[in-house]
1. How many of the residues making up region 52-85 are under 20 Å from SER18 (Cβ atoms) and of a type outside the set (D, E, K, R)?
2. Can you tell me which residue within region 14-37, out of those that are of a type in the set (Val, Ile, Thr) and surrounded by 19 or more Cβ atoms within 10 Å (Cβ to Cβ), is farthest from ALA110 (Cα to Cα)?
3. With closer than 29 Å to LYS83 by Cβ, touching a Leu at 6+ places or on another chain (Cβ under 7 Å), at pLDDT below 80 and outside the structural domain of ARG87 (by TED's automatic domain parsing) as the only criterion, which of VAL207, VAL200 stands out?
4. Which condition does PRO133 not pass, out of (1) modelled with pLDDT of 75 or more; (2) within 24 Å of ASP225 (Cα to Cα); (3) outside any strand (DSSP E or B), if it passes all the others?
5. Just to be sure I understand, how many residues within region 206-245 are under 18 Å from LEU91 (Cα atoms) and of a type outside the set (Lys, Arg)?
6. Is it the case, given these coordinates, that ILE13 is in contact with a helix residue (DSSP H, G or I) (Cβ under 8 Å, 6 or more places away or on another chain), outside any loop (DSSP other than H, G, I, E, B) and either under 13 Å from SER79 (Cβ atoms) or of a type outside the set (Lys, Arg) (or both)?
7. If a residue has to be over 16 Å from LYS181 (Cα atoms), at pLDDT 85 or above and in contact with a Ser or Thr (Cβ under 9 Å, 6 or more places away or on another chain) to count, how many in region 210-235 make the cut?
Amino acid sequence: MYKVLIIEDDPMIGDMISMYLGEEGFEVIRMETGQKGIEAVKPFAPDVILLDLMLPDMDGLELCRQVRTTSSVPIMIVSMRNKVVERVAALGAGADDYMSKPFSMHEMSARVHALIRRSNLYQNAGENTRVHPTVRHVTKPETNEALIADKNKITLDLQTRSMIVQGQLVETTYSEFEIMKCFVNHPGRVYTREDLLQTVRGFDSYVTDRAIDVHIANLRKKIEDNPKEPRRIRTVWGVGYKFVY
């Protein structure tokens, strides 16, 4: 049974989500303050966190950042705030998904399942890497199972949707992985922001130019030796970005 931690101070919304997910077979607990939510993460060990941004004792983004320092649990923001800048800020704070209230319970449940499924794939990939540290993925273009940038020691596994950088599993969001897949498929090609928007828009219809910049910044932190002076994902001023060996 998968576990969901809801951090939401509105009793009506909190109870409604708890009831719906409980009927879907999840084990659910709800905390009404950010502090109680943080304290519940370790002992409850949730498979996903649903987090409201407007809590009575702390900002939801700050809570998201705090959780990210100790846990990679998927976090989905559920908030009345629906401005693009707020969605972008949530991505930058480490959130994996964002839903604006009001929302469809059916869609919310589907997104929770998707986050847990993706997280499990990452964990399985990480276990395989630790157990077999000398095993390397082999390029198999005929089956399209893996894409490799050997000179950068970056591997993308399409089956598990995982990225390995210099032998270490590096977690990515759905959008980050899709952008990286474009880069590795076509090194040297310049992608405009619109090109990258079209790549990830199928997952998040609210994604914007600014969100693309946030994804790029996050990817640089994950694959660059010095994110402030990127050598792999380079900015092409006035156009977009390109990936180089």
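1. Here the count works out to 15.
2. Pass one, region 14-37, residues of a type in the set (Val, Ile, Thr): 17, 28-29, 33.
Checking which are surrounded by 19 or more Cβ atoms within 10 Å (Cβ to Cβ) leaves us with 17, 28.
Values: ILE17: 13, VAL28: 16 Å.
For region 14-37, the residue satisfying everything is VAL28.
3. Exactly one residue qualifies, and that residue is VAL207.
4. (1)
5. 15
6. When the stated conditions are applied, ILE13 does not pass them.
7. Adding up the residues that qualify gives 0.
Yes or no, residue by residue, for (1) at pLDDT below 75; (2) buried (at least 19 other Cβ atoms within 10 Å of the Cβ):
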site	(1), (2)
MET58	no, no
SER72	no, no
ILE75	no, yes
ASN82	no, no
GLU86	no, no
SER109	no, no
SER119	no, no
ASN124	yes, no
ASN144	yes, no
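The values are calculated or read from the model by the stated rules, or taken from the named source; none is laboratory data. Nothing here was measured: the structure is a model prediction, and the numbers come from that model. Please note: Cβ atoms are built from the backbone with ideal geometry, for glycine as well, and neighbour counts cover all protein chains shown.
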